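First the structure, in the form of structure tokens, and then the observations on it.
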Amino acid sequence: MRRIVVAGNWKMFKTFQEMVSFCCKLAGYASEFEELPVTSIICPPFPYLHTSVEIFSATDVHIGSQDVSMHDFGAYTGEVSAPMLISMGIEYSLVGHSERRQYHQETDIEINLKVKILQSTGVVPIVCVGEKEQQRDEGKTDEVVTSQLETIFADIDIAADTNLIIAYEPVWAIGTGKTATPEMAQDVHKLIRDWLEIRYNKTIAERVSILYGGSIKPDNFAALLAQPDIDGGLIGGASLDIDNYLNLLQTGIKIAQEGK
């Protein structure tokens, strides 16, 4: 059974002091559990990674980076490599977020290289895919998402025990207040899972967690999680407020305990 994942992407928000306050409150809540019934991930800005790992060291909360370099090392000013991440105890990394594609012109080919780098070091990739509003309006959602998957996972092997997360984030729903209906999101999540079965096999397709990302809030998370192929959320704005994040986490825990 796949675990529900509640992943917060903080983007470029929070001062150091705000980060410490949030993390300490979340650590206090998580310490009530020997093991959380769901996978809780926080992706803070790069400067906060080390401190975040230290704060959560005695809890079952995991830390991820918001991006990773295509290179292991070298003269790449401002870049952060996968070996650096693993040396700090970072367990996850986002790759291919729509804002990286939009503002930094990242391509699926570059994302493919980042997935390979992460796999080689043991950091779990959270691979983002999704269509723009015009592409959805033109009925090209399936075509766009499938094309992204084909390029990102070209010549990448996934073993039955490989850790991998895919996040479907319709670009038109990120930070806009618009949210795909649970049924709309489920259609694309099923497309992704079917693609994984065709590209790899049924075991891998059933094992990979597929998250939804796009204006998730406490009042719509349960309905999204009720869908058979939605395994959690990649959450932006709602993950910045500790009360909202705890609400989302508690929703995930309740549904996990009910047997999803």
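Of Leu191, Ser209, Leu240, which is farthest along the charge dipole of the chain in the positive direction, counting Lys and Arg as +1 and Asp and Glu as -1 at C-beta?
Going by the Cα projections, it comes out as Leu240.
Grab the DSSP H runs of the chain that are 4 residues or longer, score each as -39,500 (n - 2.57), total them, divide by all residues and round the 222 nm result to the nearest 500 deg cm²/dmol.
Mean residue ellipticity, 222 nm, calculated: -12500 deg cm²/dmol.
Please list 3J(HN,Hα) in residue order for segment 177-182, calculated via the Karplus relation 6.51 cos²θ - 1.76 cosθ + 1.60 where θ = phi - 60°; whole Hz, with x for glycine and proline.
x, 7, 10, 4, 4, x
Using θ = phi - 60° and the Karplus form 6.51 cos²θ - 1.76 cosθ + 1.60, what ³J(HN,Hα) does each residue of segment 147-159 get, whole Hz, x for Gly and Pro?
Calculated HN-Hα couplings, in order: 4, 4, 4, 4, 6, 5, 9, 4, 6, 10, 8, 10, 7 Hz.
Determine the alpha carbon to alpha carbon distance for each of Lys11/Lys190; Lys11/Lys140; Lys140/Lys190; Lys11/Lys217 and list only those over 20 Å.
Going by Cα-Cα distance, Lys11/Lys190; Lys11/Lys140 fall outside the 20 Å limit.
Just how large is the dipole of segment 47-110 about the Cα centre, in debye to the nearest 20, putting +1 at every Lys and Arg Cβ and -1 at every Asp and Glu Cβ?
Here the size comes out at about 80 debye.
Given 0.36 nm per residue, what is the gain on full extension from Gln17 to Glu183 after removing their alpha carbon distance, in nm?
Result: 55.8 nm gained on full extension.
In sequence order, what are the phi-derived ³J(HN,Hα) couplings for segment 40-50 according to the Karplus relation 6.51 cos²θ - 1.76 cosθ + 1.60 with θ = phi - 60°, rounded to whole Hz, with x for glycine and proline?
9, 10, 10, 10, x, x, 3, x, 9, 4, 4
Using the basic label-point model (7 angstrom from Cα toward the beta carbon), what is the Thr51 to Glu138 distance in nanometres?
That separation, rounded to one decimal, is 4.5 nm.
Could you let me know the centre-to-centre spacing of segment 147-178 and segment 182-227, using Cα atoms, in angstrom?
10
Excluding residues fewer than 8 places away in the same chain, name every one of the aspartates and glutamates whose C-alpha is closer than 17 Å to that of Lys116.
Asp67, Asp72, Glu79, Glu91, Glu106, Asp108, Glu150, Asp155, Asp157, Asp161
Along Cα→Cβ, 7 Å out, is where each label goes; now give me the distance between the ones at Lys116 and Ala160 in nm to one decimal.
Result for the modelled spin labels: 2.7 nm.
Determine the distance separating the Cα centre of segment 65-138 from the Cα centre of segment 14-44; give it in Å without decimals.
Segment 65-138 and segment 14-44 have Cα centres separated by 23 Å.
Taking amide hydrogens as modeled 1.01 Å from N in the peptide plane, which residues meet the under 5 Å criterion relative to Ile235, leaving out close sequence neighbours?
When sequence neighbours closer than 5 places are left aside, the close amide H contacts are Ala7, Gly8, Asn9.
What whole-number value in Å² describes the accessible area per residue of the chain for a 1.4 Å probe?
Ligands and nucleic acids excluded, the figure is 45 Å² per residue.
The values are calculated or read from the model by the stated rules, or taken from the named source; none is laboratory data. Every value quoted in this text rests on a predicted model; they were computed, and no experiment measured them. Methodologically, a virtual Cβ is constructed for each residue, glycine included, from the backbone with ideal geometry; neighbour enumeration extends over all protein chains shown. Note: accessible area is taken over every heavy atom of the protein model, side chains too, but ligands, DNA and RNA are not part of it. Shrake-Rupley method; radii C 1.70, N 1.55, O 1.52, S 1.80 Å.
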